[in-house]
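The values are calculated or read from the model by the stated rules, or taken from the named source; none is laboratory data. These numbers come from a predicted model, not from an experiment. Don't worry about glycine lacking a Cβ; one is built from the backbone with ideal geometry, like all the others, and counts go over all protein chains shown.
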Amino acid sequence: MIKNSSRREFLQTSGLLVASVAAISVDGVEAFLQRPAAGAGPYPDPDFRQLDSWIAIRPDNTATFYVGKTDLGQGTGTAFRQIMSDELDIAFENTTCVMGSTDITVDQGGSGGSDALQTDGYPMRRVAAEGRRVLLDMAAEYFGVPVTALSVSDGVVSTRTGDTADRTVTYGQLIGGKKFNVTLTGRNIDATTGKAPLKPVQAMKNVGKSPRRDDIPAKVDGTQRWAVDMKVPGMLHARNVRPPMVGATLKAVDESSIKDVPGVVKVVSRGNYVAVVCEREEQAIRAARQLKVEWTPPATAPFPTSEDLFTYMRATPTSSVSEPVVTGDLAAGFAGAATVIEAKYDVPYQGHTAFGPAHALADPSNGQLTIYSNDMKSYGMRTGVAQFLKIPKEKIRVVWMQGPQAYGRTAAEDAGFEAAFLATELNRPVRMQWTRQEETSWDTKGPAYAVNMRGALDAKGQLVALDYDARAGDFNHVGYNEADTVLIAQLMGQRKTPARGRASYPNDKYTVPNRRMAGGVVPMPLAWETPVRMGNLRDPDGPQVTFASESFVDELAIAAKADPVAFRLALLDRGTGDDSGFKRARSIACLKAAAQKFGWDTRTSPRPRSSGDIAVGRGVAYAYRSETVVAEIVEVEVNKRTGHIWAKRIVCAHDCGLVINPDALTHALEGGLLHALSRALYEEARFDQSKMLTVDWITSPTLTHADVPEKIDIIQVNGDPNPNRPDLQHYGAGETICKPMLAAVANAVFDATGVRMRRVPFTAQRVLAALKI
Amino acid sequence: MAALNLLVNGKRHTVEAEPSTPLLYILRNDLDLAGPRFGCGLGQCGACTVLIGGQAVRSCVRPVSQVQNVEITTLEGLSKDGQLHPIQQAWLDEQVPACGFCQNGQMLTAKALLDKTPNPTDAQIREGMKGTLCRCMTYYRINAAVKLAAKRLA
């Protein structure tokens, strides 16, 4: 365990500061390691085939790991230290981790896809293992004995010579302050490797323990410096001025309208992009509010109203279709059925709605460009800005710093591009800060889904046919940091062929003899310069897809008069094919673990009606993603008078293979569960036919303290039939957690009330309306 | 522009700014205090919370001219003599923060709550904290940390 004081002491005495503090301290580390002075630029790519790009060891036997990942507040840096210190065999307490700044860490892509450990953990482990091998070779030479005569623990190498006392040498004595100069191999960064093998899981000392997260002390004592706090001399403050109607064209900017605002440095307009740049922040706020801008409204409405969205999505021809996945003979399955049911499910557009609006600082000093940003894909921002501004990549670095949560492709990217553009326009450092209204309105959205489900049971209540047909509002899904799709590029008139988007399918491991999964994408009338622009949001479409599929499985269980857990277990149990990766076995293990912890009593839904205002019910749902399995059970109280739903208790069984830091994982899962609960109960991007109506925390409510469950139980299941195998993998734990919650809540509301919620979010108003039918 | 006198974390400062400027920007940009943070500028989220006269106040909507010469405490002023305040210690022990961006507001709102209600019930914590938002949804751990701090402060 790292205590706050000991950690601080360590940082002070070692002269080291973690990357999140500021670029200056990172440069300090660089100076210590006698690397080229990256601070002044240029900034060539760190060479992933050099061990020195990954690991540095100091004379005092401390080590710093350099990894190309970023953290969204889940403590992944601590996990990287755990796995790398285990492979290197150095004391965990004597390590630090520098993350995500493009000039000093290799390009591991930043964050995304929940792959921090699943994919990127392996090159980290291999380079650390290689470091150990090289150090043991050095120690063997130092002692004049073979490597096999050596042992190592906590960075101290020992030899037993038999007739003399034990002799020891530390890693710090062997290489401290010097470079390894060891070349690695591998065709790309993910494949980076040395010659050393990985340790078996059983030999790892720190993995599986829960040292406290190293990012937390500074977040508690007020010393944390975030991207939002970054300042440089001569820095200016910028604010955007957005079109009041989506799709409007800039007609005129009246600069005289702000002539009484002090400190205005420049009004910048290019195409439909408008920003003001001022000496002080409050001046920029006032200037942006006061600036008179004339806009020409668009000829046609950019989108239907959010109230009409699902009617529109079901009636509008698709712009692309996904390849159907078909098992057996669907028509025959339905033809021979005893019971056929069908249902439609709707999930609206939902935003990331980062707690801190987008921001970035760009500094064009020394003829280079440094961008301070919390964007989780710092490497992509560097490449994208280079293309956008037509500057060589080597002249740009993105210094990644901590920021407000934002799980996916957020406006942090847009703010980075805007700051970079303005800084180069004015040739001065510019800090861009979005407003709350801008963030809630203009941030990218997770796609809306309209799903039609149909299922057939035989006379014994067995599921014989299942049809999933989705329409996804995923047209023009923007990528990460693309020079021609970031908002500023769109507003400046950049156009390319819109991305087709996709309609995704359920990924449960049920065995259904006749099954079809099909879908298509529905376009909005306006593809560009619109806040209804799609970007990855925490498990990009898993919550939407799983809401439909796992709600409908519940409806089928009820039609079969079966218990919802037993019905799912039967669908998994009847699989006879090869269970590669133990996908079915692990799914079964999670469902059973959740049911046991919850104290699930076997019965069908709904439970008998109760008198009084409060109806109590329980619901289950399960999902699979990237080898990670999640089963969730929610107990709700539905207030029949107010329509309010309270998720009183949540039980979650989670299997992501090898767990690095159980407490940090539990923490991340708690957050994921409640974020998904917020999406189930409150979140919807609403709009009329010209603009967003959800613009702040009043119009766009989120889960609050008032909604906190009384109890959250998280069970970390390891459903591998051989959980002790030495090569047990660490799968991606971040996003799967978000998939089942929407369906679990809807299923619980049905159990409590007999009312089926098929439209997200389940606002009090919608629940009341449903109860009255 | 006017000269404005502020008393923040026990220190006196004079700053030159428009009197209508919200306190938040003075704290962050002129006094270089990073505890209070910009989250909405509308007084809706709590990220910018400071303590004034024991009350949790939203500095993003409070004109600086209205808070001259009154004691203002930011997160930086919560610890004393290098010792974390028991609320901060509880936050550390419960490993509360995820991204941590809202935690300034959470801790200072909890401070104002516990000053007034030293031994709050669950319902009082929900009611007292509900206006302070967290998008990482660390609410469950905050609830536990508030109770732990209350126990230690008793």
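Things to note:
- Unique residue being at pLDDT 95 or above, among the basic types (Lys, Arg) and closer than 30 Å to B:ALA17 by Cβ when the list is B:ARG62, B:ARG135, B:ARG126: B:ARG62
- For A:ASP115, the conditions (1) on the phi < 0 side of the Ramachandran plot; (2) surrounded by fewer than 24 Cβ atoms within 10 Å (Cβ to Cβ); (3) modelled with pLDDT of 95 or more all hold with the exception of (3).
- Qualifying residue in region A:72-91 (condition: part of a strand (DSSP E or B) and either in contact with a helix residue (DSSP H, G or I) (Cβ under 6 Å, 6 or more places away or on another chain) or modelled with pLDDT under 95 (or both)): no
- Qualifying strands (runs of 3 or more DSSP E) (wholly inside region A:219-270; at least 3 residues being in contact with a Leu (Cβ under 7 Å, 6 or more places away or on another chain) and touching a residue at least 60 places away in the same chain (Cβ under 8 Å)): A:264-270
- Here A:GLY501 fits the description: in contact with a strand residue (DSSP E or B) (Cβ under 9 Å, 6 or more places away or on another chain) and closer than 29 Å to A:ARG314 by Cα.
- Top-ranked residue in region A:707-736 [being of a type outside the set (Asp, Glu), more than 10 Å from chain B (Cβ to nearest Cβ) and under 24 Å from A:VAL616 (Cβ atoms); ranked as farthest from the chain's Cα centre (by Cα)]: A:ILE715
- The sole residue among A:ALA362, A:ALA337, A:ALA386, A:ALA354 that is at pLDDT 95 or above, assigned to a helix (DSSP H, G or I), of a type outside the set (Lys, Arg) and out of contact with any Phe, Trp or Tyr (no Cβ under 6 Å at 6 or more places or on another chain) is A:ALA386.
- Failed criterion for A:ASP166 (all others in (1) touching a Lys or Arg at 6+ places or on another chain (Cβ under 8 Å); (2) within 27 Å of A:TYR122 (Cβ to Cβ); (3) of a type outside the set (Gly, Ala, Ser) hold): (2)
- Of all the listed residues (A:GLU294, A:GLU255, A:GLU279), the sole one being within 11 Å of chain B (Cβ to nearest Cβ) and more than 28 Å from A:GLN405 (Cα to Cα) is A:GLU279.
- The single condition among (1) under 25 Å from A:THR424 (Cβ atoms); (2) within 14 Å of chain B (Cβ to nearest Cβ) that A:VAL265 does not meet is (2).
- Yes/no for B:ASP81 being at pLDDT 95 or above and surrounded by fewer than 24 Cβ atoms within 10 Å (Cβ to Cβ): no
- Close Cβ contacts (under 6 Å, 6 or more residues apart or on different chains) running from residues in region A:674-695 that are more than 16 Å from A:LEU309 (Cβ to Cβ) to residues that are small (Gly, Ala, Ser) comprise A:LEU677/A:ALA647; A:VAL695/A:SER441.
- Of the residues making up region A:313-334, those that are touching a strand residue (DSSP E or B) at 6+ places or on another chain (Cβ under 9 Å) and part of a helix (DSSP H, G or I) number 7.
- Single residue of region A:46-78 satisfying the filter (more than 16 Å from the chain's Cα centre (by Cα) and among the small types (Gly, Ala, Ser)) that is nearest to A:GLY177 (Cα to Cα): A:ALA56
- Region A:271-285, residues that are in contact with a Lys or Arg (Cβ under 9 Å, 6 or more places away or on another chain) and in a helix (DSSP H, G or I): A:GLU281, A:ALA284, A:ILE285
- Test: B:LEU148 is farther than 26 Å from B:ARG28 by Cα, in contact with an Asp or Glu (Cβ under 9 Å, 6 or more places away or on another chain) and more than 12 Å from chain A (Cβ to nearest Cβ): yes
- Residue list for region A:703-732, restricted to those being closer than 30 Å to A:PRO357 by Cβ and crowded, with 20+ Cβ neighbours inside 10 Å: A:LEU703, A:HIS705, A:ASP707, A:VAL708, A:PRO709, A:GLY732
- Among residues of region A:651-706 being in a helix (DSSP H, G or I) and over 19 Å from A:TYR407 (Cβ atoms), the one that is farthest from the other protein chains (Cβ to nearest Cβ) is A:PRO662.
- Against the numbered list (1) in contact with a Phe, Trp or Tyr (Cβ under 8 Å, 6 or more places away or on another chain); (2) within 30 Å of A:GLY617 (Cα to Cα), A:ASP539 comes up short only at (1).
- Within region A:188-238, tally of residues that are in contact with a Gly (Cβ under 6 Å, 6 or more places away or on another chain), more than 13 Å from every other protein chain (Cβ to nearest Cβ) and either under 22 Å from A:HIS359 (Cα atoms) or buried (at least 20 other Cβ atoms within 10 Å of the Cβ) (or both): 1
- Odd one out for A:ALA301 among (1) in contact with a Leu (Cβ under 7 Å, 6 or more places away or on another chain); (2) assigned to a loop (DSSP other than H, G, I, E, B): (1)
- Residue tally, condition closer than 15 Å to A:VAL98 by Cβ and in contact with a strand residue (DSSP E or B) (Cβ under 6 Å, 6 or more places away or on another chain), over region A:45-54: 1
- Selection within region B:7-30 - facing another protein chain (nearest Cβ under 7 Å) and part of a loop (DSSP other than H, G, I, E, B): B:GLU18, B:THR21
- Only one of the numbered conditions (1) surrounded by 15 or more Cβ atoms within 10 Å (Cβ to Cβ); (2) within 21 Å of A:THR327 (Cβ to Cβ); (3) of a type in the set (Asp, Glu) is violated by A:ASP578, and that is (1).
- Test for A:ILE558: is it within 29 Å of A:GLY734 (Cα to Cα), outside the structural domain of A:MET376 (by TED's automatic domain parsing), among the β-branched types (Val, Ile, Thr) and in a helix (DSSP H, G or I): no
- Failed item in (1) assigned by TED's automatic domain parsing to the domain that holds A:HIS359; (2) farther than 25 Å from A:SER690 by Cβ, with A:GLU418 passing the rest: (2)
- Residue that is surrounded by the fewest Cβ atoms within 10 Å (Cβ to Cβ) [pool: residues in region A:596-638 that are polar (S, T, N, Q) and without any contact (Cβ under 8 Å) to a residue 60 or more places away in the chain]: A:SER611
- Region A:286-298: number of residues that are under 30 Å from A:GLU684 (Cβ atoms) and in a loop (DSSP other than H, G, I, E, B): 2
- A:ALA139 meets all of the listed conditions (1) within 40 Å of the chain's Cα centre (by Cα); (2) free of Cβ contacts under 8 Å to residues at least 60 places away in the same chain but one, namely (1).
- Residue check, A:ALA518 touching a strand residue (DSSP E or B) at 6+ places or on another chain (Cβ under 6 Å) and more than 19 Å from A:ALA450 (Cα to Cα): no
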